[in-house]
Amino acid sequence: MKKYFEFNKPFRKFLPLFTIMLSLVLLMSASYAMLVNVHEGENNYVIQVANLEVTFVDKETDALVLENAYPMTDKDGLSQTEELVFKVKNTGTIVSKYDVYIEGTTQDNIDFPSKIKFVTNKDNTSYKDIKVLSQDNYIDKGVSIEPNDTVVYRVKAWLAEDASSLYMNETYKAKIVINATQGE
């Protein structure tokens with residue numbers, strides 16, 4: 001082994017540089033992991049970034065999913081029992097302001113957002129204001145949350161009644177996105 005290091009002097013010259021670079025990469029990875037924590041519990045999916053903790057209750061992801069969807073009336077959409085429930089909690093010591101919206105996608109050249117309707121409920125109030133995803137994707141906008149406060153959101157989504165057979169029996173996935181700032 002000694003002979004290898006003597007024979008390969010350029011390797012010895014770059015060994016300290018390689019060690020420093022490896023240490024920096026590991027340090028950056030650990031720092032990122034401390035900033036963004038994801039914990040999976042029995043029935044919760046928790047994401048924490050800075051002072052906001054987002055918990056998706058009884059779901060395995062942070063996605064809004066419509067599987068094998070078929071067109072339905074607004075009345076049927078409102079009466080369905082399946083909903084995405086998530087909580088936003090301010091774990092910090094200062095007020096945070098945030099927006100919550102649905103980030104939709106298109107698939108196979110099908111414009112799903114124009115045919116997806118949704119309705120939201122905040123802190124167990126009644127569902128109101130049926131929205132079309134392509135026209136208004138905000139669940140809540142410009143919300144301030146005090147330290148240690150928690151807000152609970154519920155979202156129901158369905159395929160609009162006027163959707164053609166092109167949209168039926170397809171799967172639509174959309175992310176719930178939260179953009180936050182600290183302070184008022």
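The values are calculated or read from the model by the stated rules, or taken from the named source; none is laboratory data. Quantities reported herein were computed from a predicted structural model and do not represent experimental measurements. Positions of Cβ are generated from backbone atoms using ideal geometry, with glycine treated the same way; all protein chains shown enter the neighbour counts.
Among (1) touching a Lys or Arg at 6+ places or on another chain (Cβ under 7 Å); (2) under 23 Å from Val65 (Cβ atoms), there is one condition Leu166 misses while meeting the rest; what is its number?
Status for Leu166: all satisfied but (1).
Does Ser134 fit the bill of being farther than 18 Å from Leu84 by Cα and hydroxyl-bearing (Ser, Thr, Tyr)?
Yes: the conditions hold for Ser134.
Tell me yes or no: at least one residue of region 114-122 is closer than 17 Å to Val54 by Cα, in contact (Cβ under 8 Å) with a residue 24 or more places away in the chain and polar (S, T, N, Q).
yes
Take residues that are touching a strand residue (DSSP E or B) at 6+ places or on another chain (Cβ under 7 Å) and modelled with pLDDT under 75 and tell me which of the strands (runs of 3 or more DSSP E) falling wholly in region 1-106 contain 2 or more.
36-40, 44-49
Quick check: is even one residue across region 73-93 assigned by TED's automatic domain parsing to the domain that holds Thr55 and in contact with a helix residue (DSSP H, G or I) (Cβ under 8 Å, 6 or more places away or on another chain)?
No; the residues of region 73-93 include none that is assigned by TED's automatic domain parsing to the domain that holds Thr55 and in contact with a helix residue (DSSP H, G or I) (Cβ under 8 Å, 6 or more places away or on another chain).
Quick one: in region 154-184, which of the residues that are closer than 20 Å to Gly92 by Cα and assigned to a strand (DSSP E or B) is modelled with the lowest pLDDT?
Filtering first and then ranking leaves Gln182.
Kindly check whether there is at least one residue in region 147-155 that is of a type in the set (Phe, Trp, Tyr) and surrounded by 19 or more Cβ atoms within 10 Å (Cβ to Cβ).
yes
Take Lys122 and tell me if it is surrounded by 20 or more Cβ atoms within 10 Å (Cβ to Cβ), under 18 Å from Glu83 (Cβ atoms) and modelled with pLDDT of 90 or more.
no
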